[in-house]
């Protein structure tokens, strides 16, 4: 569980709501169904219009990474790679066939299968680099869906504000209708700007950071597998891969 994400959400919304109370306002004044419908519906519609279906579906699935990032333990991955290297030195590359069948990580499994098949190091690098780049691009595109929604949201909020003001202007002769129109106008703006700056844009930036981290993790595995293919000493492989670890 990502404590920073949870803390950030609580702190961001808490500061606004508490500030509203301290200024003498009431929380119920910030709840407005029509304003929420305009902002959420309009923002989602704009995102759907610009995004291919596979990318949009992936963006929904990856949103959970903000609170529960995918597990990546580089230290454990390095230990496995060193173990594979020792097996290859003792039994040859065919000795990794059992590991290739039981490995859970799909990317590492593909690399092991290439090793077992006797592929040349440059061939392995070419194949795995293509996959690294492809996955990084797709995951980054998924994150950009939320970034684009963060760009649309304030504008849709302004549209809601204008619609509220139109409603107000059309009912100047009926004072009882003025309050609801003004409420939609201002609350829609708050929803649009708040959603963009408290949720959507920060979420997009975190997802892009996770995508880069996952890409770097795959690069580490790729370098380890290529080093095994080149017959490097396990100790040298370990020293090389430790360069991927955070200080």
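Just so it is clear, none of the values below were taken in a lab; they were calculated from the coordinates. Since we're looking at a predicted model, the values are computed, not measured. Backbone-built Cβ (ideal geometry, glycine too); neighbour counts: all protein chains shown.
A few points about this structure:
- Sum of -39500 (n - 2.57) over DSSP H runs of 4+, divided by residues of the chain (222 nm, nearest 500): -26000 deg cm²/dmol
- Fully extended contour minus Cα-Cα distance, from residue 61 to residue 246, at 0.36 nm per residue: 63.9 nm
- Against the chain, whose longest principal axis is taken from its Cα atoms, helix 201-229 shows a tilt of about 10°.
- Spin-label model, residue 158/residue 73: points 7 Å from Cα along the beta carbon direction are separated by 5.0 nm.
- Helix 121-169 axis, angle to the chain major axis (alpha carbon atoms, nearest 10°): 0 degrees
- Two-site FRET efficiency, residue 50 against residue 29, from Cβ-Cβ distance with R₀ of 41 Å, rounded to 0.05: 0.75
- To the nearest ten degrees, helix 33-50 and the longest principal axis of the Cα atoms of the chain are 40 degrees apart.
- For the chain, a Gaussian network of Cα nodes joined below 10 Å ranks 98, 46, 195 by mean-square fluctuation, and the top entry is 98.
- In a fully extended conformation the segment linking residue 239 and residue 135 would gain 34.8 nm over its present Cα-Cα distance, using 0.36 nm per residue.
- Just checking the listed ones, 88, 161, 15: in the Gaussian network model of the chain with Cα springs under 10 Å, the one fluctuating most is 15.
- Rounded to the nearest angstrom and listed largest first, the equivalent-ellipsoid semi-axes of the chain from its Cα gyration tensor are 54, 18, 11.
- Inter-centroid distance (Cα atoms) of region 33-80 relative to region 99-124, Å: 30 Å
- Springs join every pair of Cα atoms under 10 Å in this Gaussian network model of the chain, and among 53, 149, 222 the largest mean-square fluctuation is at 53.
- Cut-off 11 Å, label 7 Å out along Cα→Cβ of residue 213, residues of region 70-112 by amide N: 70-74
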